[in-house]
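The block underneath contains the structure these notes are about, expressed in C-alpha cells.
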Amino acid sequence: MKCFNHADAEAIATCLGCGKGLCRTCCQTSDSGGVVCSPACKEKTQAEEEALALIRNRAMKGTRVSGILCIVAGLIFGLFGLFHLTQPQFFLPIVVFTVALGIGLIVAGAMYLRINKDRR
Ligand SMILES: [Zn+2]
Ligand SMILES: [Zn+2]
C-alpha cells in the first residue's frame, strides 16, 4: 500500500481513525501510542478509547457485584443447609446438597473478586 498523501512513498502504517495508509513522515502518534494521520483522527481514536475504557470499568464493576452476590447466595444456602441439620427429622441429602452448593457459590464469588483485583 502507498501513502495516502504521497503516492510515491510506501505506507508503513494505517491511521487508526480513518484507515488511510501513512508513510513515515505522515505518521503521528496518539497519546496511547497508536498511529493517526491528523489531529482530527487523534481526537476520534481518543474518544473511542475513552469509551472503551468506560465500558471496561463498568464490566469490572459488574464482575465485583456478581462476586459479592455469589458469596451472599452461598452463605444463604450454607446457612439453610446447617439450619436444616438442626431439625428433628432432617434429610441428609438436602443438607449435603445445599452446603455443597453454598461452598461452590462462595468459591466462585471469591474467584470473581480475585479476577477483579488482579486486573487493577
Ligand atoms: Zn486518519
Ligand atoms: Zn506520506
| field | Condition check for Gly78: in contact (Cβ under 8 Å) with a residue 24 or more places away in the chain, farther than 25 Å from Arg58 by Cβ and either out of contact with any Gly (no Cβ under 7 Å at 6 or more places or on another chain) or part of a helix (DSSP H, G or I) (or both) | value | yes
| task | Report, by residue number, each residue of the range 16-45 that is within 16 Å of ligand 2 (Cβ to nearest atom), among the hydroxyl-bearing types (Ser, Thr, Tyr) and surrounded by 14 or more Cβ atoms within 10 Å (Cβ to Cβ). | result | Ser38
| note | Flagged in the range 15-54 as in a strand (DSSP E or B) and touching a helix residue (DSSP H, G or I) at 6+ places or on another chain (Cβ under 7 Å), in numbering order, are Gln28, Val36
| request: Quick one: Gln89 ticks every box in (1) at pLDDT 95 or above; (2) not in a helix (DSSP H, G or I) except a single one, so which number is it? | output: (1)
| request: Considering every residue within the range 46-65, establish whether at least one is within 15 Å of ligand 1 (Cβ to nearest atom), under 24 Å from the mean Cα position of the chain (by Cα), polar (S, T, N, Q) and crowded, with 18+ Cβ neighbours inside 10 Å. | output: no
| query | Which of the following residues is assigned to a helix (DSSP H, G or I), farther than 30 Å from Ser32 by Cβ and in contact with a helix residue (DSSP H, G or I) (Cβ under 6 Å, 6 or more places away or on another chain): Val99, Val72? | reply | Val99
| field | Selection within the range 1-15 - more than 9 Å from ligand 2 (Cβ to nearest atom) and crowded, with 19+ Cβ neighbours inside 10 Å | value | Ala13, Cys15
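The values are calculated or read from the model by the stated rules, or taken from the named source; none is laboratory data. Bear in mind that the values here come from a model prediction, so they are computed numbers and not experimental data. Positions of Cβ are backbone-derived with ideal geometry, glycine not excepted, and every protein chain shown enters the neighbour counts.
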